[in-house]
Amino acid sequence: MLRRWVIHPLEALGVSIIYFVFSILPVDAASAFGGWLARLLGPMTRAGTTARRNLARIFPAMREAERAEIYSLMWDNLGRTAAEHPHLAAFDPYRENSRVELAGLEYIESFTENGRPALFFAGHIANWELSPLAVTGLGLKMNLVYRAANNPWVDRLFQRGRKALKSELWPKGSTGAKQMLKAVKNGECLAMLVDQKMNDGIPLPFLGVEAMTAPAAADLALRFDYPLIPARVERLKGARFRVTFYPPVQKPETGDRHSDIAAMMKTVNEILGDWIRDRPGQWLWVHNRWPNE
């Protein structure tokens, strides 16, 4: 009761004030301010401890100074991503002088030009909100599955900002699962962020360390014959980005459904791992992705 009627409203008030400040600033100024604010305050949080532990686990041979640089870049990227949220419409990749470069559109067009839908996957890398804009800008309907914020007041604020994505958004859970199946039956595109822990997932290597991995992306791709297309977002400089699409993940055909799902998700984890190792300061290291022991 205390959390619902006191803590959550106070949290939402604080977030709303910061969100408003970001919204009235120009895009570049908001992005820079958000990065500075996160670099200042982020290391004081419990999430900072998780990020340091994850970095030490994945890069044990790396010098401490290098890990510290990645840690700082992570907070900068996270703060910028939050500050860019009220300005998502400004990142339309099809507008003149866009802030977003596009590459690999042929991998979308080769499947969708005949009306066939696709399933896109990405991770919490750079500003992960941007890749749907590249798909909906082609006139395709996109359905996104997301993890709702713990604070419902804050979640509603974020959902208003995501209207610029011109996509249907469904929370993870039974409601989201039903809506996903409905979208599949209607022949619509889906998108998922697949780099977070799922306690009842399947154990697979992620950045070289076993982690519980959600199988839904491969399961849907195999069950409904959707091409599973990697969608990478890179922060190039400040509030400028590149979104790249890659060839679909190859589908195994062993006849063993569980084995095929595991094989596909192993490939997905490898793809995400390559992106993260390439730009480690742009991934969400604060997530409790691996067991603590």
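Coordinate-derived values only; no laboratory data. Computed from a predicted structure; not experimentally measured. Note that we place each Cβ from the backbone using ideal geometry, even for glycine, and neighbour counts take in every protein chain shown.
Some notes on this structure:
- Region 152-293 shape via C-alpha gyration tensor axes, a/c threshold 1.5: rounded
- Whole-Hz ³J(HN,Hα) from phi, Karplus 6.51 cos²θ - 1.76 cosθ + 1.60, for region 235-249, glycine and proline x: 7, 7, 6, x, 9, 10, 9, 10, 10, 10, 9, 10, x, x, 5
- Computed over the alpha-carbon atoms, region 58-160 gives an Rg to Rh ratio of 1.04, Rh here being the Kirkwood radius from the mean inverse distance.
- Cα gyration tensor category, rounded, prolate or oblate, for region 4-93 with a/c compared to 1.5: oblate
- Excluding same-chain neighbours fewer than eight residues apart, the lysines reachable from LYS182 by a Cα-Cα span under 20 Å are LYS141, LYS166, LYS172.
- Each helix, a run of at least 4 DSSP H residues, gives -39500 (n - 2.57); summed and divided by the residues of the chain, these come to -14500 deg cm²/dmol at 222 nm.
- Sparsely packed trypsin sites (Lys or Arg not before Pro) within region 18-113, loop by DSSP, other Cβ within 10 Å at most 16: ARG63, ARG95
- A simple rule links phi to the HN-Hα coupling: the Karplus curve 6.51 cos²θ - 1.76 cosθ + 1.60 with θ = phi - 60°, which for region 122-127 gives 8, x, 7, 10, 6, 9 Hz, with x for Gly and Pro.
- For the chain, the membrane-span-like helices by this rule, meaning whole DSSP H stretches whose C-alpha atoms cover at least 20 Å of axis and whose Kyte-Doolittle mean is 0.5 or above, are 8-24, 27-41; this says nothing about an actual membrane.
- Burial order of peptide ranges 266-274, 168-176 (average beta-carbon count within 10 Å, highest first): 266-274, 168-176
- Surrounding net charge for ASP219, when Lys and Arg each add one and Asp and Glu each subtract one, Cβ distance under 11 Å: +1
- Percentage relative contact order, the chain, counting C-alpha pairs under 8 Å, at least six apart: 24 percent
- What the phi angles of region 196-213 give under the Karplus curve with 6.51, -1.76 and 1.60, with θ = phi - 60°, is a coupling list of 9, 5, 10, 4, 9, x, 10, x, 9, x, 9, 6, x, 10, 4, 9, 6, 10 Hz, glycine and proline written as x.
- At 0.890 mPa s and 25 °C, Stokes diffusion of region 172-245 via Kirkwood alpha-carbon radius, µm² per second: 170 µm²/s
- Near LYS178, once Lys and Arg are set to +1 and Asp and Glu to -1 for all other residues with Cβ below 13 Å from its Cβ, the sum equals +2.
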